[in-house]
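Let me begin by presenting the structure, written as structure tokens, before commenting on it.
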Amino acid sequence: MSAIEQTRTQVEALGEKYKYGFVTDIEMERAPRGLSEETVAFISGKKGEPEWMLEWRLSAYRRWRQMQEPEWARVKYPKIDYENAYYYAAPKSSNDKPQSLEDVDPKLLETYNKLGIPLSEQKLLAGVAVDAVFDSVSVATTFKETLNKAGVIFCPISEAIREHPDLVRKYLGSVVPVTDNFFATLNSAVFSDGSFVYVPKGVRCPMELSTYFRINASETGQFERTLIIADEGSYVSYLEGCTAPKRDENQLHAAVVELVALEGAEIKYSTVQNWYPGDENGLGGIYNFVTKRGDCRGNDSKISWTQVETGSAITWKYPSCILRGDNSVGEFYSIAIANHFQQADTGTKMIHLGRNTRSRIISKGISAGKAQNTYRGLVAVHPRADRARNFTQCDSLLIGKECGAHTVPYIESRNRTARIEHEATTSKIAEEQLFYCTSRGIPPEEAVALIVNGFCREVLQQLPMEFAVEAQKLVGISLEGSVG
Amino acid sequence: MLDIKDLHVAVEGKEILKGLSLHVGEGEVHAIMGPNGSGKSTLSYVLAGRDGYDITSGSIIYKGEDLTAMPPEARAARGVFLALQYPVEIPGVTTVNFLKAALNAQRRARSESELDAMAVLRLVRDKARSLNISEDMLRRALNVGFSGGEKKRLEVLQMALFEPSLAILDETDSGLDIDALKLVAEGVNHLRAPSRSMLVITHYQRLLTYIVPDRVHVLARGRIVAEGGKELALELEAKGYGHIVKDAA
Ligand SMILES: Nc1ncnc2c1ncn2[C@@H]1O[C@H](COP(=O)(O)OP(=O)(O)OP(=O)(O)O)[C@@H](O)[C@H]1O
Ligand SMILES: [Mg+2]
């Protein structure tokens, strides 16, 4: 068997190995099946939301009814039956929320342990506050005190709506408007929970904020909503990571993340996404239609997105930066791995509005099996954005013969002083690289992981240290079986 | 140590080795010389287990075991090492990381404990110094942007690190300047041991004045056509391959 064939066979053997395919049986409290004003009101009521929030949701719902599902991405999937899905599920115990970890349902903790989510001491020692989202309701928040002292608000968004209505009303939907796109509008109507972060003026958030998302209820779409506000001169680093249990049905996930950086503020947002990608025949897996956008609203602000996308059957995701403030900086570092029948259409938009704005895009796409991996990026420079600069580098790595890599860069420059650079490469893992490794004793699977991690190094380096280690392992796991 | 009998090897359906036999005893150093395209690298790949080199007949016995039944990584763990004629670049993988991954993979396969980064670095440092390989090189991506000579020295460093039982050096001397040649030869001589055998492929007698072989073989058209002591290399240097290859044909 040639090395390439072996590569393919091993890639195909991968599906069985999805490590996190298990289900916990915790009783769910569900919204009625299907989507209607009643469903929206049910969710809002469950959360004890004020009237204005319900109105906000309903306006989104009414808008959504008039919208069409977008079809421009290079992804194919059967039509989603929105009328036949559930839009809300919460663990039974959510009514009386656990006050500490000891109060948390042991089944939940067990699940977290299986996932290797170190909610317990290890993580505490590592100095990470965890706002873990199990299905739709946040069940544990730690390190509140340290954050309180610094004046940082880090809580479930449902809590923020009740406790910090002024901040939420001011910023929610200000980056991703209710009307933005089909999936974002849907999210606005039915979002269940998510994180809220506010970092006050001049504060450097004393720890990395970390949230683990996890989908568990069968047929329940997940609609996370995250809002992060960095006030003037502040800094925050936020980590998002997730896995999901194995399921046959496709599960819709349509999250919205909004970031607001005011003058001189910096937000670093890192994601490791490892949802169930479906089996080796393309059955099951998460549909991940995410709207993530950051607004560099103030001068000299900076937003940096780093993502490691290894999971989901379909990924539709373009974390973007609106570079509104003068001298603001946007960054996008991405690793997207697609294997078997996975389809990834991901990239970024850098919208240069302010003067001297700079953006940097580093995208590493890895395709194996029969997967399709598309980088789609827009760099737009508006007339006012004098001396805007962009550097884009898109590298694709192919493993096997049946996968595809596509690069779709859009460039719209309406200012003659702008400088835009774009570089793109496509390569294969060469047989001679694999042989070099194996002849030195490194088994083929490990060799692939090593080579791919090398290929992704620039992006992995952007991740916070302990996340980077996890991500490296994940790169290995998600390509397990990619060679003979 | 190594016993090759009547080996026939085809690449993409084309026969390259046509009945090659070779015996290398424990602790012996054998040189293989021969014209371009005669099959020297092919032999080295077959010994290391590279994909696509089909053994159509014959046998390779290494330490009493059938080598051909093992994948390359198993051969490495059992002490087979090939220094490549053209070492391969792996972008983004730092050299020291690669060395650690390789060493630990071999150790794991032998059920030995793995070494942490510090221990590996300690092992590597001394050996690197004697081969004039800088710490900076160890931190750079494997072979990426290394000069020809640097790549070859790194191959020898790996040999020193893995301490193989059978080392195959495929033209490790080509591309080396005079000083580097001496360093490399010293490195190789340092590793000569009663339990270690070597197969040194080279075009130049010069290397063999430093690494004095026990036997010299001439490989031409896929077969060993002549063999002798170290003086055979001198004779070849003076007369070329013409007469030997003709005699054999
Ligand atoms: N994939 C291949 N398909 C066809 N022929 C091949 C292939 N690979 C090698 N060969 C041929 O096999 C023969 C032996 O090649 P090999 O590299 O073993 O020679 P060598 O003795 O190492 O030569 P040199 O001294 O130049 O390094 C050459 O004629 C070469 O062209
Ligand atoms: Mg050769």
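The values are calculated or read from the model by the stated rules, or taken from the named source; none is laboratory data. Keep in mind it's a predicted model, so treat the numbers as computed, not measured. Note that each Cβ is placed from the backbone with ideal geometry, even for glycine, and that neighbours are counted across all protein chains shown.
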Q: From the list B:Val80, B:Val11, B:Val88, pick out the single residue that is among the hydrophobic types (A, V, I, L, M, F, W, C), surrounded by fewer than 21 Cβ atoms within 10 Å (Cβ to Cβ) and touching a Gly at 6+ places or on another chain (Cβ under 9 Å).
A: B:Val11
Q | Inter-residue pairs, beta-carbon under 6 Å, first within 14 Å of chain A (Cβ to nearest Cβ) and of a type in the set (Gly, Ala, Ser) and in the stretch B:30-49, second part of a helix (DSSP H, G or I) and more than 9 Å from ligand 2 (Cβ to nearest atom), 6+ apart | A | B:Ala48/A:Ser439; B:Ala48/B:Pro72; B:Gly49/B:Pro72; B:Gly49/B:Arg75
Q. So how many residues does the stretch B:154-182 have that are in contact with a Ser or Thr (Cβ under 7 Å, 6 or more places away or on another chain) and within 16 Å of ligand 1 (Cβ to nearest atom)?
A. 5
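Any idea which of B:Gln85, B:Gln106 is in contact with a helix residue (DSSP H, G or I) (Cβ under 7 Å, 6 or more places away or on another chain), within 16 Å of ligand 2 (Cβ to nearest atom) and among the polar types (S, T, N, Q)?
Working: B:Gln106 fails: within 16 Å of ligand 2 (Cβ to nearest atom).
None of the others qualify; the one that does is B:Gln85.
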Q. Within the stretch B:220-242, can you find the residues that are assigned to a strand (DSSP E or B) and farther than 22 Å from B:Thr42 by Cβ?
A. B:Gly228
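For the subset of the stretch B:71-112 comprising residues that are on the phi > 0 side of the Ramachandran plot and over 15 Å from the mean Cα position of the chain (by Cα), which member is nearest to the other protein chains (Cβ to nearest Cβ)? Step through it out loud before you land on a result.
First pass over the stretch B:71-112, keeping only residues on the phi > 0 side of the Ramachandran plot: B:79, B:92, B:111.
After this cut, where a residue has to be over 15 Å from the mean Cα position of the chain (by Cα) as well, the list is B:92, B:111.
Details: B:Gly92: 3, B:Ser111: 14 Å.
Looking at the filtered set, the residue picked out is B:Gly92.
Are any residues in the stretch B:163-176 within 14 Å of another protein chain (Cβ to nearest Cβ) and surrounded by fewer than 21 Cβ atoms within 10 Å (Cβ to Cβ), and if so, which ones? Don't jump to the end; show me each part of the working.
Looking only at the stretch B:163-176, we keep the residues that are within 14 Å of another protein chain (Cβ to nearest Cβ), and these are B:163-170.
Result: B:Glu163, B:Ser165.
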Q | Among (1) away from ligand 2 (no atom under 13 Å from the Cβ); (2) modelled with pLDDT of 95 or more, the one test that B:Met1 misses | A | (2)
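Which ones in the stretch B:201-210 are in contact with a Lys or Arg (Cβ under 8 Å, 6 or more places away or on another chain) and either more than 15 Å from ligand 1 (Cβ to nearest atom) or at pLDDT below 95 (or both)? Steps first, answer last, please.
Applying the first criterion (in contact with a Lys or Arg (Cβ under 8 Å, 6 or more places away or on another chain)) to the stretch B:201-210 yields B:201, B:208, B:210.
Residues satisfying the conditions are B:Leu208, B:Tyr210.
Search the stretch A:438-449 for residues being assigned to a helix (DSSP H, G or I) and β-branched (Val, Ile, Thr), and hand back the single one that is farthest from the other protein chains (Cβ to nearest Cβ). Full working, then the answer.
First pass over the stretch A:438-449, keeping only residues assigned to a helix (DSSP H, G or I): A:438-439, A:444-449.
Subset that is β-branched (Val, Ile, Thr): A:438, A:448.
Values: A:Thr438: 4, A:Val448: 12 Å.
The extreme case among them is A:Val448.
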Q. Only one residue in A:Pro409, A:Pro383 is surrounded by fewer than 23 Cβ atoms within 10 Å (Cβ to Cβ), more than 14 Å from chain B (Cβ to nearest Cβ) and under 23 Å from the mean Cα position of the chain (by Cα), so which one is that?
A. A:Pro409
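Matching residues to (1) part of a strand (DSSP E or B); (2) under 30 Å from B:His243 (Cβ atoms); (3) more than 16 Å from ligand 2 (Cβ to nearest atom); (4) among the hydroxyl-bearing types (Ser, Thr, Tyr):
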| residue | (1), (2), (3), (4) |
| --- | --- |
| B:Val9 | yes, yes, no, no |
| B:Gly27 | no, no, yes, no |
| B:Gly37 | no, yes, no, no |
| B:Leu43 | no, yes, no, no |
| B:Val46 | no, yes, no, no |
| B:Asp54 | yes, no, yes, no |
| B:Ser59 | yes, no, yes, yes |
Q. Only one of B:Ala10, B:Ala31, B:Ala48, B:Ala74 is away from ligand 1 (no atom under 16 Å from the Cβ) and of a type in the set (Gly, Ala, Ser); which?
A. B:Ala74
Q: Answer yes or no as to whether A:Phe223 is under 26 Å from A:Met53 (Cβ atoms), modelled with pLDDT under 90 and touching a Leu at 6+ places or on another chain (Cβ under 9 Å).
A: yes
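Looking at A:Phe435, A:Phe467, which is the one that is surrounded by 18 or more Cβ atoms within 10 Å (Cβ to Cβ), more than 14 Å from every other protein chain (Cβ to nearest Cβ), among the hydrophobic types (A, V, I, L, M, F, W, C) and assigned to a helix (DSSP H, G or I)? I'd like the intermediate steps shown before the answer.
Numbers: A:Phe435 fails: more than 14 Å from every other protein chain (Cβ to nearest Cβ).
None of the other options fit; the residue is A:Phe467.
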Q: Go through (1) touching a His at 6+ places or on another chain (Cβ under 7 Å); (2) in a helix (DSSP H, G or I) one by one and return the number of the condition A:Val452 breaks.
A: (1)
Q: Can you run down the residue pairs with Cβ atoms below 7 Å, 6 or more apart or on separate chains, where the first is in the stretch B:80-97 and closer than 28 Å to B:Ile61 by Cβ and within 14 Å of ligand 1 (Cβ to nearest atom) and the partner is of a type in the set (Lys, Arg) and in a strand (DSSP E or B)?
A: none
(Q) Restricting to the stretch A:418-432, name every residue that is touching a helix residue (DSSP H, G or I) at 6+ places or on another chain (Cβ under 7 Å) and more than 7 Å from chain B (Cβ to nearest Cβ). (A) A:Ile429
Q.
Regarding the stretch B:128-137, can at least one residue be identified that is in contact (Cβ under 8 Å) with a residue 12 or more places away in the chain and either among the aromatic types (Phe, Trp, Tyr) or within 14 Å of chain A (Cβ to nearest Cβ) (or both)?
A. no
